[in-house]
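Please treat every number below as a calculation from the coordinates, not as lab data. Remember, predicted model here, so these are calculated numbers, not experimental data. Reconstructed Cβ throughout: ideal geometry from the backbone, glycine too, with neighbour counts over all protein chains shown.
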């Protein structure tokens, strides 16, 4: 293993395998994130396009509960990114206990995000929003809103499971610090995407 | 040996720095929420919010995703490719957006 890593980290001018000086796992995760960027960009643009093309686009987010909820969700997700980076740093220091605890806090942040988001969804569903209709205006709102935020929530849920596996594996000494770092990249990406969904979906459609 | 050293390599950045980045991200989120209630016209609002979000994305990528401390070749590989692809999608969005907003019969 160490030999393969040596080749990857050598300078490209001395026959090294990787000009980026990172391991293949990290390179693979960055490639995946690049493709996922396009998925989310397409969904955000689809939402925005539908919004621009429909003058009767609903603005269903009052300050309470929608904006309060989504702001808390944003801060929770940001905080989980902070604990994630703490886990990665602890991993590189070889502090197993700190890694596992920080990963647990990160997962709790993710679970809190999902619970808050589901509650927020239920408010909308109770008001009559469906993927094909809503009481206020353009029926496309439901499909694009649930499609975009549902895709993001799926990513958070997958991330919680992923981090759980990494926490158990690292706790047992099966995974390396690099594995924690790669899972961190995924988690920060999910956070990053929300930084666009939150203003474009919620803040642009505030009900005054 | 060098491989093993890199395995337990010091992860650049201190707790204080990450905390500071986190506080900035929360502060920018606060500004965004404040702006949402300023009754701006939709285009200015969109540009302001997207601008702030791009700054937040930059902070997350540079510090949390560690891109600032990686070899610059990695940044050159990821960032322009992502911007180009998003740009191509947006390039189709703006003319249509203009047509829909200003040329509707």
- In region A:70-208, what is the volume of the convex hull around the alpha carbon atoms, normalised per residue and reported in Å³? 90
- Message: Based only on other Cβ atoms within 10 Å, what is the fewest-to-most ordering of A:86, A:122?
- Response: A:122, A:86
- Note on the structure: The equivalent-ellipsoid semi-axes of the protein assembly as shown, taken as the square roots of five times the Cα gyration tensor eigenvalues and listed largest first in whole Å, are 38, 22, 16
- In whole angstrom, and with the biggest value first, how far do the Cα coordinates of region B:16-105 range along each principal axis? 55, 33, 10
- Task: Hey, for a label at residue B:100 modelled as a point 7 Å past Cα toward Cβ, could you say which residues of region A:124-165 have their backbone N under 14 Å away?
- Result: A:138-145
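Using the 10 angstrom Cβ neighbour count as an exposure proxy, how do A:181, B:70 rank, fewest first?
Fewest-to-most Cβ neighbours within 10 Å comes out as B:70, A:181.
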- Per DSSP H run of at least 4 residues, take -39500 (n - 2.57); add these up for the protein assembly as shown, divide by its residues and hand me the 222 nm value, nearest 500 deg cm²/dmol. -25000 deg cm²/dmol
- Take every Cα pair under 8 Å in chain B that's 6+ residues apart, average their separations, divide by the length, and report that relative contact order as a whole percent. 25
- Item | Whole-percent pair-distance distribution, where bins are 10 Å wide, for the alpha carbons of region A:160-208 | 23, 34, 20, 15, 7, 1
- Sort out for me the Cα centre separation of region A:184-208 from region A:53-73, rounded to whole Å. 13
- Query: Which angle from 0 to 90°, rounded to the nearest 10, does the C-alpha axis of helix A:68-93 make with the longest principal axis of chain A?
  - Reply: 0
- Message: Inside 10 Å of the C-beta atoms of A:192-204, what's the mean count of C-beta atoms belonging to other chains?
- Response: 6
- Of region B:57-72, those with amide N under 18 Å from the point 7 Å along the Cα→Cβ vector of residue A:32 are B:65-66
- Query: Between residue B:93 and residue A:56, what is the spin-label point distance in nm, taking each point 7 Å from the Cα along the Cα→C-beta axis?
  - Reply: 2.5
- Query: For chain B, modelled as a Gaussian network with Cα springs under 10 Å, which listed residue fluctuates most, B:67, B:25, B:76?
  - Reply: B:76
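What does the structure give for B:66-78 when I average, per residue, the other chain Cβ atoms found within 10 Å of the residue Cβ?
Partner-chain Cβ atoms within 10 Å, mean over residues of B:66-78: 4.
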- Message: What is the angle, in °, between the Cα long axis of helix A:96-126 and the longest principal axis of the Cα atoms in chain A? Nearest 10 is fine, range 0 to 90.
- Response: 10
- Message: Taking beta carbons within 10 Å but only from partner chains, what does the mean come to for residues A:60-73?
- Response: 1
- Query: Any idea what angle helix A:140-171 forms with the longest principal axis of chain A, computed on alpha-carbon atoms, 0 to 90 degrees, nearest 10?
  - Reply: 30
- Message: Using Cα-Cα distances under 8 Å and only pairs 6 or more residues apart, what relative contact order does chain A have, in percent?
- Response: 29
- Task: Mind sorting A:56, A:179 by how few other Cβ atoms lie within 10 Å of their own Cβ, fewest first?
- Result: A:56, A:179
